[in-house]
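Here the structure is laid out as structure tokens; the discussion comes afterwards.
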Amino acid sequence: MKSAIEAAIRRANQQGRCAFIPFLTAGFPDRSTCVEILVELAGSGADVIEVGLPFSDPLADGPTIQSAGKQALDNGVTPEVVLEIVAAAKKRMSAPMVLMTYLNPILRAGTETFAARARKAGVSGVIVPDLPPEEADDWLDAAAKHGLDTTFMIAPTTPLDRVAGIAAKTSGFLYYVSMTGVTGSALVVSNEVLAHMGQVRRLSRVPVAVGFGVSTPEHARTLSEAADGVIVGSALIREVQSRQEPGDAVLAAGRLAASLSAALYRPNGGNVTN
Amino acid sequence: MKSWPALSEEPKPLTGRPDVRGRFGAYGGKFVPETLVPALLELDAAFEGALADSTFRSELDDLLRNYVGRETPLYEAVRFSRRLGGARIFLKREDLAHTGAHKINNTLGQALLAQRMGKKRIIAETGAGQHGVAAATAAALLGMECVVYMGTLDIKRQALNVTRMKMLGAEVRPVASGSCSLKDSVNEAVRDWVTNVRDTHYILGSVVGPHPYPWMVREFQSVIGSETRRQILDREGRLPDVLVACVGAGSNAIGFFHSFLDDPVEMIGVEAAGLGLETGKHAATLNAGSVGVLHGALSYLLQDDDGQIIEAHSVAAGLDYPGVGPEHSHLKDIGRVRYVTATDREALRGFYLLARTEGIIPALESAHALAFVEQLAPQMSKDSLIVVCLSGRGDKDVAQVDEQTEVAP
């Protein structure tokens, strides 16, 4: 089956851009504003949209996404509500959606049930940060059966012989974690990381998108030639947190998204090889 | 001099080494962000190498003997036994180990391993503060930087141990997220480790977390049971009838039980029932939980219908954890260990009973094991033998217990 996520990233690349993949915690800041923000992001240059399922113990996340998740949980956002939000947003956009969730909510629902529900709501792929490929067989079976991509992560600490195995199992794209750290940490793009990312890209048959700590158009510009896609989460959430009125939050998120996606046009057009 | 018990014994058929995926039966594994996977593979290999290295083992054995004060005594609590009327009760005195609990067995082992791996910095989580103190102690001894994550609730109720950690040169970082207790400290320690993985070793304090931790911590703690087995055989010429230990995440219990798994000895793990299982305010993961993934391992845990982790409750900070070691989950499922519960109130009664009959103030965690023995011993004959793992001393708890005036005798 052709991956909608992979196709969307490749399409951006063919247009001379690095794909823009914004992240938002589902149900943050509230259910209806969340849907409006997602739609606004799709209209502000997002090629793929990543939605986070709030979890009580998000150990890969920094303080920003933790607090957004807590706010959503306090507002009663369950996995069922998350999928309602996805479905409502999906009706109003064409960009494919990726669901980011920790493993336990999947196990609790049952892998088959969770995959079926996600697909039905309009999710195209899933990222599970605490599920490395060696533990993923059950999930991969369920995901494949329901036509969902499963995107695995590569970290700067991942040795190249491991990269090949992970790249063989990922679908949609390969998520390159820009640093050893949690989401939303200060990003410093070192030459070592750029070189490692280059090697990872050569080993991957699917696009490689980079995330964690990407917050400014300058970051986006720096990474636009090193990756096929750029993921921005905490910076968008901080932008939303800084606005009192839901309408302001929607517009502010859209403005940041537009400036980030504009920064992803490659100076030399579509000639970046992969 | 007596020959020192081997750190790692021959693999036991029932539950020896976890399998290649780090599983005990169905439980365990390595459910962590990719950043940590290479670090866990490195740790696994380093631990394997250390086990096979006689220099490492003699260095650790020397520290356990001359620094920790092992072996710890096996003491027959005659007045406590007589008061309960029934079985003869022995206490494995881990409370007499340096720093006042069994935790030091593990932190010295892991700190030596960290040094061997060239790590300069160690981090730890702590609930009751006993593991934090033991980690800070090992760090001071080996000249390493140490950061301990501790929930703000626990900082308040275990103030003595916070002071001890600071005096030992460790930095105590308060954790104000979630339930402000042990679970959240683990989250924060993992986040630190993800960030500083290249120069930092995470000294996890119990038999939880991703492989190889549940196996490695068990190996370092199995000295408790191997000593106990030899001591009771020397003294009584036979094996005990029953072993009893408290179970939070479960490191003292696994270390205590492990050498007896192939013996005809009944084993009982006592979980914290908090305010009562029916109230939902408890930490009885094996008795009232269900299977899922928390902190890197598949095991029993406390969760709601959507898979969100539920906050645990126990008067004992060291038991206040919604997960449990994967090997315990396996031992429960195969029926080898029986897991029961004791409430906050029962534990407080056990605390006072031991203090008044034996002049020993137990940790509130260990008091849960004593509370169950209070029910068990009278049902057993006078020639039967119970050994209780007295995992820690109660100095840290005296202020908190003193406030619970309704239970005071």
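The values are calculated or read from the model by the stated rules, or taken from the named source; none is laboratory data. Small disclaimer: the values here were computed from a predicted structure and weren't measured. Note: ideal-geometry Cβ built from the backbone for every residue, glycine included; neighbour counts use all protein chains shown.
Summary of computed values
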{"quantity": "Test: residue in segment A:56-75 that is surrounded by 24 or more Cβ atoms within 10 Å (Cβ to Cβ), in contact with a Cys (Cβ under 9 Å, 6 or more places away or on another chain) and more than 13 Å from every other protein chain (Cβ to nearest Cβ)", "calculated": "no"}
{"quantity": "Among (1) of a type outside the set (Ser, Thr, Tyr); (2) in contact with a Ser or Thr (Cβ under 9 Å, 6 or more places away or on another chain); (3) at the interface with chain B (Cβ under 8 Å from one of its Cβ atoms); (4) not in a loop (DSSP other than H, G, I, E, B), the one test that A:ALA144 misses", "calculated": "(3)"}
{"quantity": "Answer from A:GLY147, A:GLY184 - the residue that is within 25 Å of A:PRO22 (Cβ to Cβ) and surrounded by 21 or more Cβ atoms within 10 Å (Cβ to Cβ)", "calculated": "A:GLY184"}
{"quantity": "Contacts under 8 angstrom Cβ, first residue in segment B:24-52 being surrounded by 18 or more Cβ atoms within 10 Å (Cβ to Cβ) and outside any helix (DSSP H, G or I), partner of a type in the set (Lys, Arg) and at pLDDT below 95, 6 or more apart", "calculated": "B:GLY28/B:ARG21; B:GLY29/B:ARG21; B:LYS30/B:ARG21"}
{"quantity": "Any hit, segment B:222-245, residues being surrounded by 20 or more Cβ atoms within 10 Å (Cβ to Cβ) and under 30 Å from A:PRO129 (Cβ atoms)", "calculated": "no"}
{"quantity": "Count of segment A:15-34 residues which are in contact with a Gly (Cβ under 6 Å, 6 or more places away or on another chain) and either modelled with pLDDT under 95 or part of a strand (DSSP E or B) (or both)", "calculated": "5"}
{"quantity": "Qualifying residue in segment A:106-128 (condition: basic (Lys, Arg), surrounded by fewer than 22 Cβ atoms within 10 Å (Cβ to Cβ) and within 10 Å of chain B (Cβ to nearest Cβ))", "calculated": "yes"}
{"quantity": "Residue that is farthest from B:GLN115 (Cα to Cα), among those in segment B:147-201 that are of a type in the set (Asp, Glu) and more than 14 Å from chain A (Cβ to nearest Cβ)", "calculated": "B:ASP154"}
{"quantity": "Count of residues meeting criterion [modelled with pLDDT of 95 or more and among the β-branched types (Val, Ile, Thr)] in segment A:178-215", "calculated": "4"}
{"quantity": "Test result for B:GLY307, farther than 30 Å from B:GLY100 by Cβ, at pLDDT 95 or above, surrounded by 24 or more Cβ atoms within 10 Å (Cβ to Cβ) and touching a helix residue (DSSP H, G or I) at 6+ places or on another chain (Cβ under 7 Å)", "calculated": "yes"}
{"quantity": "Count - residues of segment B:104-161 that are of a type in the set (Gly, Ala, Ser), at pLDDT below 95 and surrounded by fewer than 24 Cβ atoms within 10 Å (Cβ to Cβ)", "calculated": "1"}
{"quantity": "Residue within segment B:92-100 that is in a loop (DSSP other than H, G, I, E, B) and under 28 Å from B:SER329 (Cβ atoms) present", "calculated": "yes"}
{"quantity": "Residue check, A:VAL188 more than 11 Å from chain B (Cβ to nearest Cβ), more than 19 Å from the chain's Cα centre (by Cα) and not in a helix (DSSP H, G or I)", "calculated": "yes"}
{"quantity": "Tabulated pairs, segment B:295-308, first within 20 Å of B:ALA272 (Cα to Cα) and facing chain A (nearest Cβ under 7 Å), second outside any strand (DSSP E or B) and among the aromatic types (Phe, Trp, Tyr), C-beta under 9 angstrom, 6+ apart or interchain", "calculated": "none"}
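Listed here are the residues, each with its yes/no results for (1) farther than 29 Å from A:THR222 by Cα; (2) in a helix (DSSP H, G or I); (3) out of contact with any helix residue (DSSP H, G or I) (no Cβ under 8 Å at 6 or more places or on another chain).
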{"position": "A:ALA7", "(1), (2), (3)": "no, yes, yes"}
{"position": "A:ARG10", "(1), (2), (3)": "no, yes, yes"}
{"position": "A:ASN13", "(1), (2), (3)": "no, yes, yes"}
{"position": "A:GLU36", "(1), (2), (3)": "yes, yes, no"}
{"position": "A:ALA87", "(1), (2), (3)": "yes, yes, no"}
{"position": "A:ALA95", "(1), (2), (3)": "no, no, no"}
{"position": "A:VAL98", "(1), (2), (3)": "no, no, no"}
{"position": "A:ARG117", "(1), (2), (3)": "yes, yes, no"}
